[in-house]
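Worksheet for the structure shown next.
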Amino acid sequence: MDNSKRYERLLERYKNGDLDRRKFLGLIGAAGLAYGLHTPFAKNAMAAAKEVRFDGWGGVVSEAFRKHAFDPYTKKTGIKVVDGTFGSGDEYLSRVKASQNGEYNIAHLSGVFDYARYHGLGLTSELNEANIPNLKYVIPKLADVFRGITDGKLSCVPYDYGTTGLAYNRKYITDEEMKEKGANILLEKRLKGKIGGWGDWRTRIWYASLQTGQNPNGATDMDAVWEALRTHRDLLLKYWSSGAELMSLLAEEEIYVTEAWSGRVFALQEQGHDIGYMDPPNGFGWQECLFVIKGSPMEACEELLNFMLAPETSIAVAEGQNYPPALDPTKVDLGKKIPTLPAFDPTGKLSGLTFADPNYWNGNEQDWSKKFGRIQKGY
Amino acid sequence: MSIETREARQPWILLSPALTSILLLLIVPLMFIVVYSFWLRTATGADQVGFYLDNWAEVLTDEFYRDILLQTLWIALVTTGVCALMGYPAAYFIARSKGNKAIMLLLLMLPFWISYIIRTMSWINILGVSGAFNSVLISIGIIDEPLQLLYNQVTVILGLVHFLLPFMILNIYVSLEDIDINLEDAACSLGASRWQTFLEVTLPLSLPGLAAGGLLCFVLGAGTYITPVILGGPRDAMFANLVFEAIITQLDWPLGSVLSLVLIAVLGSIVLVYNRFLGMRQLMKGLA
């Protein structure tokens, strides 16, 4: 029954004398109020199906997405892609937590760890994989990690991967010294004041585990880890907080060694800086994904993911950000540049990379992030 | 309605848009923060609704928070002192200048046209290992190796002074402009030297401006977040950095709320003490 019919019946009941005038006018008024309140929000809800919001890291990645995925997608479907950016995954999660259901749709997130955090907060959706045929090109191992968290289902598609290894200035540190010392180069007294470090508690604890000879996904002697973190802090010039800052510190020779993101180091090498990069044994491997947040228009998002996973889009984005795509090199020709990128695995098996175990890291997040925050500040 | 009643209502009617904005954009969000401060963060990052005093107990009893708060107040105090020492001569020069004051004030405001973050980052190019300062010293042979000047408490204070100095100068300038120049002439004609005149006439009369500038610099300095992130070293965090970490990195909004409220309470108390003894009039003049 539509609203016009309801009003006609109401009028009829009033004319028949079933309703007094006060009650009739009251019901009409209430209907008007409800319509007035409902309409502006209903309009937004309707509009949501006509646009999809995507949030990512900005820069060259956004440009590649716009050119190869968003514009063709809008042309085909008529659905507009609203393109937003964020500075860090933590900042983005705070925004999502503060948002209304459906306000944010797809995000280019880092790590399996973040995927598990979103799942823990009840923000995962369920993708219909039949709507994403390009998913068949993705390295199975990358998708399987996500499936393990969400009961065999996916709330994201894997998109790229990389490592957080060791970057060093070859003018001051030789390749041989790096091979010999590995992660312990970050505790080298000779380099005091010339050592950097990412102010991310997970990375710090991962490397402290390596420095104390422990499994980064299962350290048992945490006192030794905290002590290694303090030693590192006392030798450190600065905790860096963004890729741009990392590149600036290395390029300006403010620091000679730090752990660093593989793609950023490749960019420095492309610029002509003599910066070496090395993944120590059990170095930190990670992957990024395109995550669909609960409450999003699923079919529209799935179609957009399919556009973004298309080999030409994935390869363009990978070449822009210097991280290998999640596409299986045994199924897709990845061109000339990608095989030269750090962390690239031509076999598509990724057996050389160690990824963070989400259960281990999530289970300790609350205590360790706080503990590291204190150590970082001198305690 | 009588004329008196109407006249009594008029200011409230005129003030109502501003009061509504303050209510909706300041008081209501602040109340949300107060409510949040009694919740807890669960292991998954979700909030546990209820009335818990755990976060308050932690923040008020843990010396870590106390030490960072004291460090923050110390940095803000030193910054304010440096701003006062540097700002007074500049404000005096502008106020007593016979040149075009409007141009000088415009030059003073010019840095505000550039983003605060960019202004802060500019120090990296000046004081960095391959920055202008080291390059000049090396090129004229004073040093062989670049000096490590960045990423310590001194550079944090330097960045804050760079940001806050115009606020101090403007407040002192407004105060100096209000002083009747004949008072200084009278002091001189009665035998006081120029230095005595300054110490016993000009300085006391300009103290309200100095205090207003000091309050602004202190409050803004103590609440800063970005300067220690860009120019500070591992041990130079300020209280606002703890708020950021709790809310963004640890997703612990209840703890972040408590930290925010503690900072608001401390800075609010300082403003109240200032208002009790000096009043807000001079501050308003300076801001105008």
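The values are calculated or read from the model by the stated rules, or taken from the named source; none is laboratory data. No experiment lies behind these values; they were computed from the predicted model shown. Here Cβ is always computed from backbone atoms with ideal geometry, including for glycine, and neighbour counts include all displayed protein chains. We work out accessible area using only protein heavy atoms, side chains counted, and drop any ligands, DNA or RNA first. Shrake-Rupley method; radii C 1.70, N 1.55, O 1.52, S 1.80 Å.
Data for the structure
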quantity: Cβ-defined net charge surrounding A:Val61, 12 Å radius [Lys, Arg +1; Asp, Glu -1]; calculated: -4
quantity: Histogram of C-alpha separations across segment B:71-133, 5 Å bin width, %; calculated: 4, 14, 12, 17, 24, 18, 9, 3, 0
quantity: Residues of the protein assembly as shown: accessible area per residue with a 1.4 Å probe, Å²; calculated: 48 Å²
quantity: Inter-site label distance for B:Leu207 and B:Phe51 at 7 Å from Cα along Cβ, in nm; calculated: 4.7 nm
quantity: A:Glu312 paired with B:Ala132, simple spin-label distance in nm, labels 7 Å along Cα-to-beta-carbon; calculated: 4.8 nm
quantity: Additional length obtainable on full extension of the chain from A:Tyr172 to A:Glu252, 0.36 nm per residue less Cα span; calculated: 27.4 nm
quantity: Residues of segment B:118-148 buried by at least 40 Å² on assembly (accessible area, 1.4 Å probe, chain alone as reference); calculated: B:Val129, B:Ser130, B:Gln148
quantity: Cα convex hull of chain B, projected area averaged across orientations, nm²; calculated: 24.1 nm²
quantity: Per-residue [θ]222 nm for the protein assembly as shown (sum of -39500 (n - 2.57) over DSSP H runs n ≥ 4, rounded to 500); calculated: -18000 deg cm²/dmol
quantity: Accessible area of chain B belonging to carbon and sulfur atoms, whole % at 1.4 Å probe; calculated: 72 percent
quantity: Cleavage-rule hits, GluC sites (Glu not before Pro), segment A:295-339, DSSP coil, Cβ neighbours within 10 Å at most 12; calculated: none
quantity: Inter-label distance for B:Leu23 and A:Ser242, nm, one decimal - labels placed 7 Å from Cα along Cα-to-Cβ; calculated: 3.9 nm
quantity: Gain on full stretching of the segment that runs from B:Glu4 to B:Leu40 - 0.36 nm per residue minus C-alpha separation; calculated: 7.8 nm
quantity: Residue among A:Trp57, A:Asn101, A:Ala251 farthest towards the positive dipole end of chain A, charges placed on Cβ; calculated: A:Asn101
quantity: Too-long pairs where the Cα-Cα distance tops 24 Å, listed order kept, from A:Lys97/A:Lys153; A:Lys189/A:Lys377; A:Lys50/A:Lys153; calculated: A:Lys50/A:Lys153
quantity: Nearby aspartates and glutamates by direct alpha-carbon distance to A:Lys141 (threshold 12 angstrom, same-chain neighbours under 8 apart not counted); calculated: A:Asp328
quantity: Beta bridges by DSSP in the protein assembly as shown, antiparallel share as percent, to the nearest 5; calculated: 65 percent
quantity: Gap separating the Cα centres of segment A:248-286 and segment B:135-214, nearest whole Å; calculated: 44 Å
quantity: Eligible aspartates and glutamates near A:Lys294 by straight Cα distance, threshold 17 Å, same-chain separation 8 or greater; calculated: A:Glu51, A:Asp55, A:Glu103, A:Asp114, A:Glu126, A:Glu129, A:Asp151, A:Glu302, A:Glu303
quantity: Charged-residue dipole, Cβ positions (Lys, Arg, Asp, Glu), the protein assembly as shown about Cα centre, Debye nearest 20; calculated: 1700 debye
quantity: Trypsin sites (Lys or Arg not before Pro) lying in DSSP loop within segment A:318-379, provided at most 15 other Cβ fall within 10 Å; calculated: A:Lys331, A:Lys336, A:Lys337, A:Lys349
quantity: In segment B:49-83, chymotrypsin sites (Phe, Trp or Tyr not before Pro) in a DSSP loop with at most 10 other beta-carbon atoms within 10 Å; calculated: B:Phe51
quantity: Summed buried accessible surface, chains A and B, 1.4 Å probe, nearest 100 Å²; calculated: 2900 Å²
quantity: Cross-link partners of B:Lys98 among lysines (Cα-Cα below 25 Å; sequence separation of 8 or more within a chain); calculated: B:Lys285
quantity: Selection from B:Ile117, B:Ala186, B:Ile140, by position along the positive dipole direction of segment B:53-287 (Cβ); calculated: B:Ala186
